[in-house]
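This report concerns only the one structure given below.
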Amino acid sequence: MKTLLKLGLTLTLMIGFITTNATNEIYENQKPHTEKNKQFIKVALLLDTSNSMDGLIDQAKAQLWSIVNELSYAKCDDERPNLQIALYEYGNDNLSSYEGYIRQVLGFTNDLDDISKELFSLTTNGGSEFCGQVIQSSLNQLDWGNNQDDLKLVFIAGNEPFNQGKINYKHAATNANEKDVTINTIYCGNYQQGVSTFWKDGAKLTNGDYLAIDHNQKTVHIASPYDDAILELNKRLNNTYIAYGKRGVAKASMQMAQDNEAENYSKANAVGRTISKSSHFYKNSTWDLVDAIEEDKIELDSLDDTSLPAELKGKSIKEIKTYVAKKSKERLQIQKEIQELNTKRRTYIASKQKDTKNGLENAMIQAIKTQAKKKNYQWN
């Protein structure tokens, strides 16, 4: 009897083992494909939008694309990192006093069109600037993640004493260190005045950079012989986007609107935006079929005719795939041409540039490159 019981127990264990393995095998085959954990550059930009900061906001608008483009040249272990940007405004009387005159304009996002739209919509209006509180808000509200290889940076710019408000900036700095976030401070005014009002101390506590800029200095753009050709390529680039789903039409319109915002601001701004659109940072998988399919974000079988643009309605899956592949090939070629022209443009501008101190842009790039070296980032 004992022998039979042992035999039964053995058979039960064997069957359970086989069943478990089979179930695990099926589960493994059904698990979604996941990419290896890539590195991120995460930048939280905290801008003082009180009355005196019109020049700062103007510089941010003028230099956004130059900053993005400089970051796109970064590499870490031969990999191109991803970019996420968050945007806060503080010190504006139009904002809630209960929230400390602070507003999260955007959480971390890689949607460069959204960033452009929100940045161009910022306005200034008097107020109380609480640096410690806006830093703490960004630390609490944003998803900084736990990847030790990510470059996590706060840039706070303003011109009032750094120690104002109910939250001590030193406590915020302690929290930043716990999250491996580096705080960089940009004082809009005289360097020594920024030191005496604790802006340098605010950066030092997390081994960040303290910089002072003339926020009223106009951004100097150098025209190049390649600008017109780059802008012509942008028109062709836009024609490679295939809007789908509920957001498609609205996001395609936003893309055009932000092109116009950049062009209305300056020709150089439009060129800078076009170069950003040719980089690996510019992805639109939530509304563009080319990016969505490339990033495995959608199955064509799941789309009905109402989700497709006019040129694809009534087409078979095979026909849609052929069309998307064609647009993808066109886009890669156009982006390559833009990048080749940009290489020549950068060389030309470097030969003509006498003053590299371009306010906010120079301050941010200088700090980013300094801190990126600690995590084995290189620029090519």
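The values are calculated or read from the model by the stated rules, or taken from the named source; none is laboratory data. Not measured: the values here are computed from a predicted model. All Cβ positions, even for glycine, are placed from backbone atoms using ideal geometry, and neighbour counts span all protein chains on display. Remember, those area values only see protein heavy atoms, side chains included, never the ligands or the DNA or RNA. Shrake-Rupley method; radii C 1.70, N 1.55, O 1.52, S 1.80 Å.
Which one is nearest to Ser276 (Cα to Cα) among residues in the range 293-310 that are free of Cβ contacts under 8 Å to residues at least 24 places away in the same chain and charged (D, E, K, R)?
The qualifying residue nearest to Ser276 (Cα to Cα) is Glu295.
Does Tyr90 satisfy being within 18 Å of Cys188 (Cα to Cα) and either in contact with a Pro (Cβ under 9 Å, 6 or more places away or on another chain) or of a type in the set (Phe, Trp, Tyr) (or both)? Reasoning before the result, please.
Values: within 18 Å of Cys188 (Cα to Cα): yes; either in contact with a Pro (Cβ under 9 Å, 6 or more places away or on another chain) or of a type in the set (Phe, Trp, Tyr) (or both): yes.
It is true that Tyr90 is within 18 Å of Cys188 (Cα to Cα) and either in contact with a Pro (Cβ under 9 Å, 6 or more places away or on another chain) or of a type in the set (Phe, Trp, Tyr) (or both).
Being open to solvent by less than 90 Å² (accessible area, probe 1.4 Å) and either free of Cβ contacts under 8 Å to residues at least 40 places away in the same chain or closer than 14 Å to Asn234 by Cβ (or both) is the filter here, so list the residues in the range 323-332 that pass it.
Across the range 323-332, the qualifying residues are Ala325, Glu330, Arg331.
Please work out if Thr185 is buried (at least 16 other Cβ atoms within 10 Å of the Cβ) and in contact with a strand residue (DSSP E or B) (Cβ under 7 Å, 6 or more places away or on another chain).
Answer is yes for this residue.
In the set Tyr241, Tyr265, Tyr226, Tyr282, which member is aromatic (Phe, Trp, Tyr) and open to solvent by less than 20 Å² (accessible area, probe 1.4 Å)? Talk me through it step by step, then tell me what you get.
Working: Tyr241 fails: open to solvent by less than 20 Å² (accessible area, probe 1.4 Å); Tyr265 fails: open to solvent by less than 20 Å² (accessible area, probe 1.4 Å); Tyr226 fails: open to solvent by less than 20 Å² (accessible area, probe 1.4 Å).
Just a single option satisfies the conditions, and that option is Tyr282.
Condition test on Lys166, is it of a type in the set (Lys, Arg), farther than 25 Å from Asp58 by Cα and in contact with a strand residue (DSSP E or B) (Cβ under 9 Å, 6 or more places away or on another chain)?
Here the answer is no, as Lys166 does not meet what is asked.
Of all residues in the range 340-354, count the ones that are touching a residue at least 12 places away in the same chain (Cβ under 8 Å) and either open to solvent by 90 Å² or more (accessible area, probe 1.4 Å) or farther than 26 Å from Gln59 by Cβ (or both).
Within the range 340-354, residues that are touching a residue at least 12 places away in the same chain (Cβ under 8 Å) and either open to solvent by 90 Å² or more (accessible area, probe 1.4 Å) or farther than 26 Å from Gln59 by Cβ (or both) number 2.
Looking only at the range 61-94, count every residue that is surrounded by 19 or more Cβ atoms within 10 Å (Cβ to Cβ) and part of a loop (DSSP other than H, G, I, E, B) and tell me the total.
3
Would you please name the residue that is nearest to Gln164 (Cα to Cα), looking only at residues in the range 36-57 that are part of a strand (DSSP E or B) and open to solvent by 10 Å² or more (accessible area, probe 1.4 Å)?
So the residue we want is Leu45.
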